[in-house]
Amino acid sequence: MTGLGKDYRKGDPLRGAATLLLSLELLGRADATMRDLVHGAFIDLGVSETDARAYLKEHRAELLELFRKHKV
């Protein structure tokens, strides 16, 4: 995951968690095998899955545009 920078915790944790969810979805990896990875990331970021999914729902278009700009 490029673009995280030296300290990913400096950004918005919910945005980071939602970006992770979206990237896995776009890669076709939003399945049960990735659940432990995602859960661990949420713990590291200090966010809940419910909050991350709500953020993604609200900001999906914006995040998709960022992915398009960075050709992810």
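The values are calculated or read from the model by the stated rules, or taken from the named source; none is laboratory data. Values in this document were obtained by computation on a predicted structure and should not be read as measured data. With ideal geometry, Cβ positions are generated from the backbone for all residues, glycine too; neighbour counts draw on all protein chains shown.
Being among the small types (Gly, Ala, Ser), on the phi < 0 side of the Ramachandran plot, part of a loop (DSSP other than H, G, I, E, B) and modelled with pLDDT of 90 or more is the filter here; which residues of the range 15-68 pass it?
48
Residue 71 fails exactly one of the following numbered conditions: (1) at pLDDT 90 or above; (2) part of a loop (DSSP other than H, G, I, E, B). What is the number of that condition?
(1)
Consider only pairs whose beta carbons are under 6 Å apart and that are at least six residues apart or on different chains; among these, list those whose first residue lies in the range 27-53 and is more than 18 Å from residue 13 (Cα to Cα) and whose second residue is of a type outside the set (Asp, Glu).
So the pair list comes out as 30/24; 34/24.
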